[in-house]
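As structure tokens, the structure follows; a few thoughts come after it.
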Amino acid sequence: MTNIHRDPAEDRPEPEDCLEKEVLVIGCGNVMIGDDGLGPAFIKHLSERGGLPAHVGILDAGTGVRAVLFGMVLAEKKPRRLIVVDAVDMGRSPGEVFEIDLAEVPALKADDFSMHQLPTSNMLRELRDQCGVDVRVVAVQVSELPTELKGGLSAPVAASMDRVAAIVERYY
């Protein structure tokens, strides 16, 4: 009997398996909030392109990135490098791709659980400073966020995939 209500998360690799990789790329975001779904869409893009080096793991963390990072902080084995891909609203041009230095995240926003404020920044800093993980954040400026649940990326954000990949691949 076919289970037509299969959980899409079943296709995702287990976070513990990804921790065995030297480099881990995590995409985070909510696919039901327009451009916020950039991270998961990027992981799908990388997966479909194929050709990832054996030492690189990819993980669609969806909206559960905090749990993944918390587990990583506590794990005995950690990747040498962590690359987080996320959509943000920092007042730039829609679809603009850039890196964010963790030091640039305002302290007052470091743990906000509002969209596009890097709510995981304290855990990312702990991974970098206390655990010796090289942490990189690659961001794409959102174009717009829907006021109602709506999947799919805006044209400028969807067009950013290859530019995001070029930055991410530099860190393999």
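Please give the FRET efficiency for GLU104 paired with GLU76, using the beta carbon to beta carbon distance and R0 = 25 Å, rounded to the nearest 0.05.
0.25
Excluding PRO146 itself, calculate the net charge of residues whose Cβ lies under 14 Å from the Cβ of PRO146, where each Lys or Arg counts +1 and each Asp or Glu counts -1.
-4
How charged is the neighbourhood of ARG163? Take every other residue with its Cβ under 12 Å from the Cβ of ARG163, and add Lys/Arg as +1 and Asp/Glu as -1.
-3
Using the Karplus curve 6.51 cos²θ - 1.76 cosθ + 1.60 with θ = phi - 60°, work out ³J(HN,Hα) for each residue of segment 36-50 in order, rounded to whole Hz, and write x for Gly and Pro.
Residue by residue, segment 36-50 yields 4, x, 4, x, x, 5, 5, 4, 4, 4, 4, 4, 5, 5, x Hz.
Rounded to the nearest 0.05, what FRET efficiency is calculated for MET90 and TYR172 with R0 set to 22 Å and r the Cβ-Cβ distance?
Using R0 = 22 Å, I get an efficiency of 0.30.
Treating only the Cβ atoms of Lys and Arg (+1) and Asp and Glu (-1) as charged, compute the dipole magnitude of segment 12-170 about its Cα centre; round to the nearest 20 debye.
260 debye
Taking 0.36 nm per intervening residue step and subtracting the Cα-Cα distance, what contour gain separates CYS131 from LEU52 on full extension?
25.9 nm
Strictly over 28 Å apart at the Cα level, which of LYS21/LYS44; LYS44/LYS150; LYS77/LYS150 would you flag in this model?
Long pairs (Cα-Cα over 28 Å): LYS77/LYS150.
Report the gain in length on full extension from ALA67 to LEU149: 0.36 nm times residue separation, minus Cα-Cα distance, nm rounded to one decimal.
Extra length available between ALA67 and LEU149 comes to 27.2 nm.
Read-outs: derived from the displayed coordinates by stated rules, not from any lab. None of these values were measured; they are calculated from a predicted model. Using ideal geometry, Cβ is built from the backbone for each residue, glycine included, and neighbour counts are taken over all protein chains shown.
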